[in-house]
1. Just the residues that are in a strand (DSSP E or B), open to solvent by 30 Å² or more (accessible area, probe 1.4 Å) and within 17 Å of ASP48 (Cα to Cα), please, taken from segment 77-97.
2. Please determine, by comparing only the residues of segment 113-141 that are open to solvent by less than 100 Å² (accessible area, probe 1.4 Å) and part of a loop (DSSP other than H, G, I, E, B), which one is nearest to ALA76 (Cα to Cα).
3. Of all residues being among the hydroxyl-bearing types (Ser, Thr, Tyr) and over 24 Å from ARG120 (Cα atoms) in segment 44-76, which is least open to solvent (accessible area, probe 1.4 Å)? Just the residue, please.
4. Within segment 93-111, count every residue that is of a type outside the set (Phe, Trp, Tyr) and modelled with pLDDT of 95 or more.
5. Determine, yes or no, whether LEU112 is in contact (Cβ under 8 Å) with a residue 60 or more places away in the chain and either under 28 Å from ARG29 (Cβ atoms) or of a type outside the set (Ser, Thr, Tyr) (or both).
Amino acid sequence: MHLEAGVNKGRVDKSLLAVERAMVEIRRRQRRRALARGAVGPHVDVLDVVEAAEESGERVTVSAVAQALGVDQPRASKLVAAAVEEGWVRREADQADGRRAYLVRTASGRELSEVIHERRQEAFDRAMDGWTDAEREVFASLLGRFVGGLP
């Protein structure tokens, strides 16, 4: 397999290298935490997808979950089935097309979403301990721009 030398064709951009290393470390830490949380499991990611759709006023299907999580349809179906079994999500039939079902968070799914938000924000708060409010705002703005620019 032939790989290009990178965006700079051999010239090292230290900023890009630092971002790459940080992103790889984030991914590694997230995987370790996902494995450690065991009892909750990866199907909790379904809640994030359904919540985002609800907040934007959209309806979400298993296919949309697959696309959002970057997994194939059978894997998404298993994740959704696990979330349904846990009582976090329920299926609602599409009145216009009986073959389609939309996913909606249940009351316990909404409660779990709130707990997850609190835990994540506590972890982020600890990671930014000692940062000024201005630094947090700049970081949040730049991170949002960065994520918005990702393919």
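1. Answer for segment 77-97, where residues must be in a strand (DSSP E or B), open to solvent by 30 Å² or more (accessible area, probe 1.4 Å) and within 17 Å of ASP48 (Cα to Cα): ARG90, ARG91.
2. Checking each candidate, the answer is MET128.
3. This residue is THR61.
4. 9
5. yes
The rows are residues; the columns are (1) more than 29 Å from PRO151 (Cα to Cα); (2) under 15 Å from the mean Cα position of the chain (by Cα); (3) outside any loop (DSSP other than H, G, I, E, B); (4) of a type in the set (S, T, N, Q).
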position: ASP48; (1), (2), (3), (4): no, yes, yes, no
position: GLY57; (1), (2), (3), (4): no, no, no, no
position: ALA64; (1), (2), (3), (4): no, yes, yes, no
position: ALA68; (1), (2), (3), (4): no, yes, yes, no
position: VAL71; (1), (2), (3), (4): no, yes, no, no
position: PRO74; (1), (2), (3), (4): no, no, yes, no
position: ARG99; (1), (2), (3), (4): yes, no, no, no
position: GLU111; (1), (2), (3), (4): yes, no, yes, no
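The values are calculated or read from the model by the stated rules, or taken from the named source; none is laboratory data. Since the model is a prediction, treat every value here as computed from it, not as a measurement. So basically every Cβ, Gly included, is an ideal-geometry build from the backbone, and we count neighbours across all protein chains shown. Each accessible area value is taken on the protein alone, full model and side chains, heavy atoms only, with ligands, DNA and RNA left out. Shrake-Rupley method; radii C 1.70, N 1.55, O 1.52, S 1.80 Å.
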